[in-house]
Each structure stands twice: as structure tokens, then as C-alpha cells.
1. Kindly list the number of the only condition in (1) modelled with pLDDT of 95 or more; (2) open to solvent by 20 Å² or more (accessible area, probe 1.4 Å); (3) touching an Asp or Glu at 6+ places or on another chain (Cβ under 9 Å) that fails for PHE313.
2. What about VAL245, is it at pLDDT 95 or above, open to solvent by less than 40 Å² (accessible area, probe 1.4 Å) and within 30 Å of SER134 (Cα to Cα)?
3. Among the candidates LEU278, LEU285, single out the residue that is within 20 Å of PHE102 (Cβ to Cβ), touching a Gly at 6+ places or on another chain (Cβ under 8 Å) and touching a residue at least 12 places away in the same chain (Cβ under 8 Å).
4. Against the conditions (1) part of a loop (DSSP other than H, G, I, E, B); (2) in contact (Cβ under 8 Å) with a residue 12 or more places away in the chain; (3) of a type in the set (Val, Ile, Thr), where does VAL78 fall short? Just the number, please.
5. Considering the stretch 249-304 alone, what residues qualify as being open to solvent by 30 Å² or more (accessible area, probe 1.4 Å) and in contact with a helix residue (DSSP H, G or I) (Cβ under 6 Å, 6 or more places away or on another chain)?
6. List the residue pairs whose Cβ atoms are under 8 Å apart, where the first residue sits in the stretch 159-176 and is touching a residue at least 24 places away in the same chain (Cβ under 8 Å) and at positive phi, the second is open to solvent by 50 Å² or more (accessible area, probe 1.4 Å) and assigned to a loop (DSSP other than H, G, I, E, B), and the two are 6 or more positions apart or on different chains.
7. Restricting attention to the stretch 41-75, which residues are open to solvent by less than 30 Å² (accessible area, probe 1.4 Å), farther than 16 Å from SER134 by Cα and part of a strand (DSSP E or B)?
8. Looking at the stretch 235-252 only, could you name the residues that are within 30 Å of GLY29 (Cα to Cα) and part of a helix (DSSP H, G or I)?
Amino acid sequence: WYWQKEKRDPYVKFMDTNYPPGFSYEDFGPLFTAEFFDADQWADILKASGAKYVVLTSKHHEGFTLWGSKYSWNWNAVDVGPKRDLVAELATSVRNRTDLHFGLYHSLFEWFNPLFLEDATNAFKTRKFPTSKSLPELYEIVTKYQPEIIWSDGDGNAPDTYWNSTGFLAWLYNDSPVRDTVVTNDRWGTGSICAHGGFYTCSDRYNPGHLLPHKWENCMTMDRSSWGFRRDARLHDYLAIEDLVKQLAETVSCGGNLLMNIGPTHDGRIAVVFEERLRQVGAWLKVNGEAIYGTKPWRAQNDTVTPGVWYTFSPEKGKVNAIFLNWPVSGILELGEPRPKFGETQVKLAGYKELLKWVALGEKGMVIALPQLTPQQLPCQWGWTLQLTDVN
């Protein structure tokens, strides 16, 4: 898009300098080799991250499908490049080795597809592209791989009537093989984003910081400026584990899910920096998972007195979880939101055995004495959870 359509200078120059004259985007097909792609290894990393679902990009806006689609002749991973059905391999490994729900991302439109461009020129009064390419692909991946999430994207500024989104969704929820388990997002044509769908995505990297009345997802990237793999990325371009824990706490406290995007390499690897971050998130969740999994938003999302404190509620155990991102120098944490009950309220630090001492601050609020621990004794390194029972 930057090179061929917007003709941005750095991209055009890079291609002119490093590729032979007349090199086209299609010539990248054979260069996508995936020789190191090991679906079992991917599944193990995903499991170690503590994630509950995974969404694979089955086809992006340039139309190349990661399965041998019969609607994408000679422009798919079975005919060109890897010569493998990457969707099938990952689906099998995820289902055999983990309890993650397997989902697929699919772009409705394609930047340079002549049929789509023709329909666009006709102000979407003709429907050649969706009927011959986009919709058949959607039916194909649902029937073939039975994903539990369909993450639709890229409407090409065309309305849902052009895509026949309601027709497809009616089939998906009533007659498809995944009708009882499938979940969908909100990108099904102009005007549907943040308005219709099982869960809202609203925009890329959406993190409102307040409670929404509908289930939503913060779909963001570990690389601050790319959804793909950038060979020229610098270390500071990647979010640190502290940033990711902060995003997770903020998102879940406001009723959202976090979908963290990583870009694999052309030879099929998850870069080591991404693997490290995923495993770090998993290590954090091993200690603090009760404050994330199966929680609901509490009456307050963040604390009014101390910044960097986010609340969740565990309905089964009746616990309020206060995730705090900064360990206070004084060893005393003041919370303005909880209303403790004298002789009843208990405070625990996740990953630490003893109960903590606390004092009420009038009608509302409490001061908690944190345990004096060495860095080695801390239950985790990047954000901690206080579990409060019997608070109003």
C-alpha cells in the first residue's frame, strides 16, 4: 500500500535500491518460505503466554490466503511459497496441545483486486468481488477449520449490504458447524464498527480507559508501530513487559479483552523478543491470573487516590482485586475506593501467604501495609494484586 498505492518515498526508494527492476508485489510470494514454521512450537509458546484464544491472520488486504483456497488461485500458501496449509497446521497443534480457542482473522476487501476495484468504481452497485471471492472464502474457512472466533476486517468503505454480512452471519449463527460456539467482532461494513457485533473493537489499539456497556477488545501490537514483522525495528519500538501488564490491567478492569498482536518472520518464526514477552505475560498471569480470568468490572475501574491501581471483581469468590503497578517506597498503599468492614475485611497479596494489616480511612478508603520483601521474595516483578474479601 505504501509502496504501490501511496508511493511513499522511503518505500519506493527501498524497493528501487534492493530489488531488481520490474520486481512486483507478487514476486514476494515465492520468498515467503516458512521453512522454520513449527506449529507445535507456536502452540507451546501461546499456551505459555496464558492466553485463552488465538486469532491467526488467514488473509490480509493483499489477498494471499494462508490456506489452499480454491477462490484464490495460485495466490495462497499451498500453491506458492511455503507449499503448506499453515491454517490447518496451526489449528491442529492448538487443538491438540492447548485449551485455547482457535480463531481466524479475514479481510473482507483486497487493496488491488481488479474485481473489488471495479465494484468500487461502480459505487458498489455491482457485487462481483464479494460473490466470487470474499464470501466464498469465509464459508470455506468456517466449514474447513471451524474457528470459534471470526475476526472480520477491512470493509473497503463498502456497506454491509454489499458484503451481505447479515446473510453470512445468519448462516454462521444458525446453520454453520460452529453455530453454538462462534463469536464475531464488529467489522462487517461501513457503520458497523463499534455498533454491531458480538464484541466491539472500535479502532486499532482501542483502550478507552473507562467502562463500556458492551463487551469489547483492545487489539494492539507489541511493536508500537507495526502489525507485521519489521527487520529494522529497534528495541525501544517494542512494548516492555511493564507496558503490557499495564495494558492488560487497564483493559480487563474496563470490561475488555486484550488481543496482543505479534508479527512472525517470512521463514515462519516467532521472533525471540516476542516469545520472551509472551512468556513474561504468562509468568505474570500464573501469579495474578485470578484478577484477570473470569472477572467482571467492579463499581470503580481505577483508584481515586492512588494512580496506577486498577480494579476487577471475581464474582465466584466475591473478591475485589486491586492491581497496583507501582510498589510504594513507603511500603504503605492507600486505596480510596474500597469500603472495608472492621473485623471482616481481609487483604491478601497474590502469591504471598500471610494476611496483610490494614486500617480504614473513615467512610471510604483504606491504608494497607505491604510486606517487607526483598526483590527475590516478591511474588512477581511487574505489577501486583491485592485480593480484598468482604468489602462493600
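1. Result: PHE313 passes all but (3).
2. Numbers: at pLDDT 95 or above: yes; open to solvent by less than 40 Å² (accessible area, probe 1.4 Å): yes; within 30 Å of SER134 (Cα to Cα): no.
So VAL245 does not fit the description; no.
3. Working: LEU278 fails: touching a Gly at 6+ places or on another chain (Cβ under 8 Å).
Exactly one residue qualifies, and that residue is LEU285.
4. (2)
5. LEU258, ILE262, GLU275, ARG279, GLN280
6. What qualifies is ASN164/ARG127.
7. VAL54, LEU56
8. Hits for the stretch 235-252 are LEU235, ASP237.
The values are calculated or read from the model by the stated rules, or taken from the named source; none is laboratory data. A quick note: this is a predicted structure, and the numbers were derived from the prediction, not measured. In this analysis, Cβ positions are derived from the backbone assuming ideal geometry, glycine residues included, and neighbour counts consider all displayed protein chains. Note: areas computed on protein heavy atoms with side chains; ligands, DNA, RNA excluded. Shrake-Rupley method; radii C 1.70, N 1.55, O 1.52, S 1.80 Å.
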